[in-house]
Structures are given as structure tokens and as C-alpha cells.
Amino acid sequence: MTGTIALLGCGFVADLYLRSLHAMPGISVHSVHDRDEARLSRFCAHWQLRADPDLESFLAGLPEGCIVLNLTNPAAHYTLNKALLEAGHHVYCEKPLALELGQAKALHALAAEKGLMLASAPCSVLGEAAQTLGHALRSGVAGTPRAIYAELDDGFVPQAPYKDWHSESGAPWPFEDEFRTGCTLEHAGYYLTWLISWFGSVRKVVAASTEVLPDKAGLGPAAPDLSVATLFFENGPVTRLTCSIVASHGHGIRIFGDRGVLRCKASWDNAAKVRFARRSVLRRRLVESPFPRRLRLPQPTHPKVKRWGAAAMNFMLGPAEMLEALREGRPCRLSPDFALHLTEVTLAIQNAGEDAGAQVMTTRCAPMEPMPWAK
């Protein structure tokens with residue numbers, strides 16, 4: 001794979017992209033911009049990249065076909081995504097795409113008007129674990145899927161030593177942004193992308209969300225830190241999804257089919273094991289096999305990245321897919337429709353509160369084409 005990217009924002013998550021970039025030969029970084037000159041200088045010195053302290057010159061100097069990674073604070077995503085698209089650049093945005101559905105729809109329309117790609121993280125949907133589960137579903141390993149339980153619970157984060165968490169280049173974990181943006185907007189996409197890629201559009205969301213730990217880090221009221229959602233797909237099983245920074249750590253997904261259960265325990269690990277436990281009758285009891293079978297795809301799949309902190313994910317799979325789509329002249333798997341629908345479903349869960357009830361989705365998205373090595 002070949003191509004050029006540029007980075008807008010070089011805070012905590014930017015280091016994870018650069019670690020992943022080292023596993024992706026052929027992709028180069030044209031330039032980096034951040035509004036904090038000290039942070040920009042430190043990041044670029046660490047990774048030996050070219051810094052551009054002026055946003056206008058950064059935008060004007062980007063080469064044609066460059067993918068700009070918007071890695072800024074969530075509150076700035078809409079404004080900067082809009083500026084990037086208006087300047088004629090393809091955009092890959094860290095989650096969320098925008099903080100309001102109307103903003104996300106405006107970005108979607110602008111990308112279509114300009115003929116530009118607009119994609120949203122996370123890109124673990126392109127990773128081996130998600131693709132292995134997708135292949136198992138298409139192959140009918142567990143029979144017809146009837147229900148799915150998925151958890152994105154991170155433990156009691158407010159009691160963790162998060163002020164000691166720093167990236168490789170020294171950027172602190174942005175706890176204020178994390179708490180004010182909320183774990184649902186930050187993390188729901190790790191399984192929503194998988195689900196939407198397999199089954200397409202979510203038809204209706206029935207959810208509740210709330211802040212059960214007020215005054216985190218002395219910030220006062222913040223975003224919900226617990227959400228529980230039931231998702232009704234147009235062509236897929238009913239799914240329960242939980243997000244929290246309260247419940248004990250669990251990032252598992254279980255798919256309950258007619259023949260047994262598919263499961264994966266680590267959404268943040270591209271190489272996480274995918275297993276199938278067949279259901280059978282033993283001595284008048286219905287049981288799941290205590291020795292589940294591991295499912296594997298033919299190797300090689302994609303470049304892997306060693307674990308750093310809580311994750312073992314290749315953050316560059318998304319930008320690489322965009323560059324490949326450009327080079328091959330085909331639609332990108334991480335399409336604007338995919339990004340918009342992901343944003344609408346995530347916002348519906350985040351903003352549900354106690355009284356939202358059933359929310360009918362207004363956007364649509366087709367299932368994703370599997371990666372070539374997962375067909």
C-alpha cells in the first residue's frame with residue numbers, strides 16, 4: 001500500500017496512530033498541525049515529522065489525494081472536518097464525527113458535493129477479529145443469529161490513576177474531554193461498527209443513559225457514564241449494547257445462534273480469539289460445549305501492532321483502506337453513509353436519558369464488503 005496522510009492534532013491518540021504507521025510500509029506523513037505549539041514541537045521531534053504551526057498553510061500545502069486524520073478534541077471535530085472538506089481534502093476523523101446529528105448530516109452532504117471521502121473511526125471493524133466473526137456469520141457456523149450481547153465496560157475509571165497516563169511522546173490522557181464527551185460517544189463505535197458492517201442499518205434504538213458518578217475529577221456535570229441500548233436492525237438480530245466507566249472491565253461480544261454461541265472477549269485486540277461453542281443435549285440437559293472451537297481465517301490478514309496500554313489495535317487500518325480505495329478507484333468500505341449512520345446511532349444512545357423511548361433512525365447504511373482475505 002502507498003499514499004500520503006497528514007495529521008491534524010497530536011494529542012494522546014496521535015501516538016497510537018504513529019505506532020501503527022510503523023507497521024504499514026508505504027504510507028508517509030506529509031505534515032502535522034496542532035494549535036498547541038509546544039505539543040506540536042514535542043510530538044514531531046519524537047516521531048521525526050514536519051511540523052506546520054499555521055493551520056492555513058497546513059491546509060494549503062497538502063498534496064492532492066492526501067488523507068487528513070482529524071485527531072483533535074471532539075468539540076472541534078465538526079468545525080475542522082468542515083474546513084478540511086471545504087479545502088478539498090479527504091477526511092478520516094477520530095470518533096465522534098460530530099457532536100450533533102445535524103452537523104454530521106451537513107458534513108455528509110458537503111463530502112458528497114465535493115466528491116470527497118469522509119470516514120469515521122474506529123477502524124477495528126477492518127481487523128482480523130471483526131472480520132473472522134463476520135465470516136462465521138456469513139458461513140452460518142452458529143446457524144441463524146437470534147440475539148447479541150455486547151459490552152464495552154471499562155471498569156471504575158474515576159478511581160484509576162488516569163492523571164499518570166501519558167502517551168509515548170508525553171501527551172497526557174485527556175480526562176476532561178473523555179468525561180465531558182462520554183464513554184458512549186468514545187467507545188460505542190467499537191461494536192457498532194462491527195454490527196453495522198455485518199447487518200447494515202439499525203432501524204430503531206431503545207436506550208437509556210445517565211451519569212451515575214457525578215463531579216468526576218471536579219468537573220461538575222458531565223456526559224452520561226453509563227448507557228444501555230437495545231438495537232433493532234432492519235436485517236439482523238436484536239442486540240443489547242452496554243457502555244460504562246463504572247461496571248467491571250468487559251469488552252466481550254456473544255452472538256447466540258440456533259446451533260450455538262460465537263464469542264470474542266476483546267474488541268480492542270485485532271488478533272483476539274474468536275470461538276464457537278456448539279449447543280447440544282447431554283443427559284437430558286441443554287449445554288454449550290465446554291471446549292469451544294477457535295475459528296481462524298487463512299493467514300496473512302493485515303499487519304498487527306503490539307499491545308500498548310489497553311489496546312492492541314492497528315489504528316492505521318482505516319486510513320490505509322481509504323488510500324487503497326483511492327488508488328483502486330473503488331468505493332471505500334468506511335463510506336460517508338457508514339460514518340453518518342454510526343454517528344446517528346451513537347448519538348441516539350448517548351442522548352437517550354430516561355425518557356427517550358423508541359428512536360427511529362433517519363439514516364441508512366448497507367452492510368460492508370468483507371476484506372479480501374475474509375471472503
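Here are some notes:
- Highest-fluctuation residue, Ser167, Ser267, Ser120 considered, GNM on the chain with Cα pairs under 10 Å: Ser167
- Under 17 Å from Lys306, Cα to Cα: aspartates and glutamates that are on another chain or at least 8 residues apart: Asp15, Glu128, Glu168, Asp269
- Nearest-ten-degree value, helix 189-199 long axis tilted from longest Cα axis of the chain: 60
- For segment 242-375: rounded, prolate or oblate by the Cα gyration tensor [a/c cutoff 1.5]: oblate
- Among Tyr190, Tyr92, a tally of other beta-carbon atoms within 10 Å of each Cβ gives an order, fewest to most, of Tyr190, Tyr92.
- Its Cα centre serving as origin, segment 1-157 has a Cβ charge dipole (Lys and Arg +1, Asp and Glu -1) of approximately 380 debye.
- On Cα atoms only, tilt of 336-350 relative to the major axis of the chain in degrees: 70
- Straight-distance crosslink candidates among aspartates and glutamates, where the alpha carbon sits under 16 Å from Lys204 and sequence neighbours closer than 8 are dropped: Glu234, Glu344, Asp355
- Identified option (computed mean projected area of the Cα convex hull in nm²; candidates (1) 22.1; (2) 19.7; (3) 18.7): (3)
- In percent, rounded to a whole number, the relative contact order of the chain is 21, using alpha-carbon pairs under 8 Å and six or more apart.
- Overall, the anisotropy analysis places segment 85-227 in the oblate class: the square-rooted eigenvalues a ≥ b ≥ c of its C-alpha gyration tensor yield a/c not less than 1.5, with a/b not exceeding b/c.
- Across the alpha-carbon set of segment 324-375, the Rg to Rh ratio works out to 1.14, Rh being the Kirkwood radius.
- Value in Å of the Kirkwood radius, where segment 175-297 supplies the Cα pairs that are averaged: 16.6
- Backbone geometry of segment 55-72 corresponds, through the Karplus equation with coefficients 6.51, -1.76 and 1.60 at θ = phi - 60°, to 3J(HN,Hα) couplings of 4, 5, 5, 4, 5, 5, x, 6, x, 5, x, 6, 9, 9, 8, 8, 10, 7 Hz, x marking Gly and Pro.
- Placing +1 on each Lys and Arg Cβ and -1 on each Asp and Glu Cβ, with no other charges, gives segment 4-72 a dipole about its Cα centre of roughly 260 debye.
- Distance between the C-alpha centres of segment 176-212 and segment 1-58: 28 Å, rounded to the whole angstrom.
- Near Gly260, once Lys and Arg are set to +1 and Asp and Glu to -1 for all other residues with Cβ below 9 Å from its Cβ, the sum equals +1.
- From the alpha carbon centroid of segment 70-142 to that of segment 304-375 is 6 Å.
- Considering only Pro336, Trp308, Ala325, and ranking their Cα positions along the charge dipole of segment 268-375 that arises from unit charges at the beta-carbon of Lys, Arg, Asp and Glu, the one farthest toward the positive end is Trp308.
- For the chain, the longest principal axis of the C-alpha atoms and the axis of helix 77-86 are separated by about 60°.
- Lysines whose Cα lies under 21 Å from that of Lys82, excluding same-chain neighbours fewer than 8 positions away: Lys95, Lys105, Lys114
- Annotation: amide H-H contacts under 5 Å for Leu226 (H modelled 1.01 Å from N, sequence separation of 5 or more, or interchain): Thr210, Val212.
Where a number appears in this text, it was derived from the coordinates with a stated rule and is not lab data. Since the model is a prediction, treat every value here as computed from it, not as a measurement. Here Cβ is always computed from backbone atoms with ideal geometry, including for glycine, and neighbour counts include all displayed protein chains.
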